[in-house]
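Take a look at the structure below.
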Amino acid sequence: MPWAVRFPPPHLLADVPVHPTQLYEVLGNLAVFAGLTAFYRHKRFDGQVFWLYVLSYGVLRFVVEFFRGDYETHYFRVFTIAHLIAAAMIAFALVGLRLCKSSR
């Protein structure tokens, strides 16, 4: 990719062009912020915006992790530990949204 970056040694992928996942995450977080800011006026119950952030960030992180190449350990040949944590965030957010919605 023309926007690839190269990290210096002693990085695991030193001098190999890689996706700038840090920038992807920043842009994704800005999009999540803009979306939640616009949604805030339409929230239906307390805690909804918080749990939507946790859900959105979990989804963002899960997707961005596919572009990273600096993990040596993969689970089920595809997922990293960050994928598993992001999946847990998504699950907790869905439960949190359900509980907050039912308690109003």
**Prompt:** Do you know which of the residues in the stretch 1-28 that are touching a residue at least 40 places away in the same chain (Cβ under 8 Å) and part of a helix (DSSP H, G or I) is most open to solvent (accessible area, probe 1.4 Å)?
**Reply:** Y24
**Asked** Any residue at all in the stretch 11-28 that is modelled with pLDDT of 85 or more, farther than 13 Å from L52 by Cα and of a type in the set (D, E)?
**Response** yes
**Prompt:** Applying the selection to the stretch 29-73, what residues are free of Cβ contacts under 8 Å to residues at least 60 places away in the same chain, among the acidic types (D, E) and more than 20 Å from M1 (Cβ to Cβ)?
**Reply:** D46
**Message:** Filter the stretch 29-56 down to the residues that are within 19 Å of F92 (Cβ to Cβ), open to solvent by less than 100 Å² (accessible area, probe 1.4 Å) and not in a loop (DSSP other than H, G, I, E, B) and list them by number.
**Reply:** N29, V32, L36, Q48, V49, W51, L52, Y53, V54, L55, S56
**Message:** I'd like to check something: does the stretch 36-44 contain any residue that is among the polar types (S, T, N, Q) and touching a Phe, Trp or Tyr at 6+ places or on another chain (Cβ under 9 Å)?
**Reply:** no
**Complete:** In the stretch 36-55, residues that are closer than 13 Å to G96 by Cβ and either among the basic types (K, R) or modelled with pLDDT of 95 or more (or both) total 8
**Message:** Anything in the stretch 68-104 that is crowded, with 16+ Cβ neighbours inside 10 Å and small (G, A, S)? List them, or say none.
**Reply:** A86, A93, G96
**Item:** Selected residue (only one of F33, F67 is aromatic (F, W, Y), closer than 30 Å to V18 by Cα and at pLDDT below 95)
**Value:** F67
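The values are calculated or read from the model by the stated rules, or taken from the named source; none is laboratory data. In this text, all values refer to a predicted model and were calculated from it rather than measured experimentally. So basically every Cβ, Gly included, is an ideal-geometry build from the backbone, and we count neighbours across all protein chains shown. Accessible surface areas use protein heavy atoms only, side chains included; no ligands, DNA or RNA. Shrake-Rupley method; radii C 1.70, N 1.55, O 1.52, S 1.80 Å.
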